[in-house]
2 protein chains.
Amino acid sequence: MSAPRTLDRTLLALADPTRRAILQRLSKGEARVTEVAQPFTMSLNAVSKHILVLERAKLVKRRKVGREHFLSYRSEPLEAATKWMDETRAFWGSRLDALERLLREENENTK
Amino acid sequence: MSAPRTLDRTLLALADPTRRAILQRLSKGEARVTEVAQPFTMSLNAVSKHILVLERAKLVKRRKVGREHFLSYRSEPLEAATKWMDETRAFWGSRLDALERLLREENENTK
DNA sequence: CTAACATTCAACCAAAAGGATGAATATATT
DNA sequence: AATATATTCATCCTTTTGGTTGAATGTTAG
């Protein structure tokens, strides 16, 4: 099993609409911090912090050219999270169907 | 587009190893609060709070029988989150491949 | 050199998260 | 009725989060 910290960071980073919007923007191509911040009403600094969260989760990579920081989207963490979710959903969802689960519950309740 | 609040709550609830462990336990069948809390070193009350977070995200349903509260896992939010992730990953990941993205970036940089 | 620009750093703040403990509530057992 | 059990409620504490503003840093342009 892979370190759960990574998954924590990925899911936490994705659990915010601002950050998802940032990622969506970056999925269309590289952009500078100011460009990324432009559509939002919040301050540039606030966006800068969101970017930091995304970087910590490795969902965004930064490339510095002079005074400009180019941000790009990295797909690996989302792929990993998707993989975890698919596997988990399969395991939690279909392996025990409703009837099986009911039987097991009854069995446990009479122990 | 579906309300982002739901997705927020689901992802936030999943972004914690304790809560994922609780869900894993419940995926094997119903359990009471005390049973769910038993494996953890933290206090019962702390677990109770985690359960509340999971309920808010509709990942856990509660059925009260006398003084006992039976908790059960609900698969719908995880299914919805998986769906969102799959779609998003497809959209962000494969629709623009590396070359396309590179061209677009160069184009944007010369505007 | 100086001015403008891109970005972060440093405080500060309010709210939420994650935990502990002790009291309260409701139900079951004797 | 008295006690034990299952669970939450109410406080309190510390850390994190998400936001603000103002200053600092580094880079480019005039």
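So, A:TRP84, is that one within 24 Å of B:GLU87 (Cβ to Cβ) and either assigned to a loop (DSSP other than H, G, I, E, B) or touching a residue at least 60 places away in the same chain (Cβ under 8 Å) (or both) or not? Here the answer is yes, as A:TRP84 does meet what is asked. Just for the stretch A:1-43: of the residues that are touching a helix residue (DSSP H, G or I) at 6+ places or on another chain (Cβ under 6 Å), in a helix (DSSP H, G or I) and at the interface with another protein chain (Cβ under 7 Å from one of its Cβ atoms), which one is farthest from B:ARG5 (Cα to Cα)? Filtering first and then ranking leaves A:PRO4. Within the stretch B:7-20, none of the residues are more than 8 Å from DNA strand C (Cβ to nearest atom), more than 29 Å from A:ARG20 (Cβ to Cβ) and at pLDDT 95 or above. One residue stands out in the stretch B:66-92 among those that are in contact with a strand residue (DSSP E or B) (Cβ under 9 Å, 6 or more places away or on another chain) and of a type outside the set (Lys, Arg): the one that is modelled with the lowest pLDDT, namely B:TRP92. Within the stretch A:54-76, being away from DNA strand C (no atom under 12 Å from the Cβ) and either open to solvent by less than 70 Å² (accessible area, probe 1.4 Å) or aliphatic (A, V, I, L, M) (or both) holds for A:ALA57, A:LEU59, A:SER72, A:TYR73, A:SER75.
Would you call A:LEU23 away from DNA strand C (no atom under 12 Å from the Cβ), of a type in the set (A, V, I, L, M) and in contact with a strand residue (DSSP E or B) (Cβ under 8 Å, 6 or more places away or on another chain)? Taking the combined requirement at face value, the residue satisfies it.
Applying the condition of being surrounded by fewer than 16 Cβ atoms within 10 Å (Cβ to Cβ) and within 18 Å of B:LEU14 (Cα to Cα) to the stretch B:31-53 and asking which residue is nearest to DNA strand C (Cβ to nearest atom) yields B:ALA46. Only one of B:LEU78, B:LEU14, B:LEU7, B:LEU26 is touching a residue at least 40 places away in the same chain (Cβ under 8 Å), within 14 Å of DNA strand D (Cβ to nearest atom) and closer than 16 Å to A:LEU12 by Cα. Can you tell me which? Answer to the check: B:LEU7.
Scanning for something away from DNA strand D (no atom under 12 Å from the Cβ), under 21 Å from A:PHE91 (Cα atoms), in contact with a Leu (Cβ under 7 Å, 6 or more places away or on another chain) and among the aliphatic types (A, V, I, L, M), does the stretch B:43-56 turn up at least one residue? No, the stretch B:43-56 has no match at all.
Taken over the stretch B:19-30, the criterion of being among the β-branched types (Val, Ile, Thr) and surrounded by fewer than 15 Cβ atoms within 10 Å (Cβ to Cβ) is satisfied by no residue.
Against the condition farther than 23 Å from B:PRO77 by Cα, open to solvent by 60 Å² or more (accessible area, probe 1.4 Å) and either hydrophobic (A, V, I, L, M, F, W, C) or under 19 Å from the mean Cα position of the chain (by Cα) (or both), how does A:ARG9 come out, does it pass? No; evaluated as a whole, the condition is false for this residue.
The values are calculated or read from the model by the stated rules, or taken from the named source; none is laboratory data. Just so you know, these numbers come straight off a predicted model, no measurement behind them. In this analysis, Cβ positions are derived from the backbone assuming ideal geometry, glycine residues included, and neighbour counts consider all displayed protein chains. Calculation scope for accessible area: heavy atoms of the full protein, side chains included, ligands and nucleic acids excluded. Shrake-Rupley method; radii C 1.70, N 1.55, O 1.52, S 1.80 Å.
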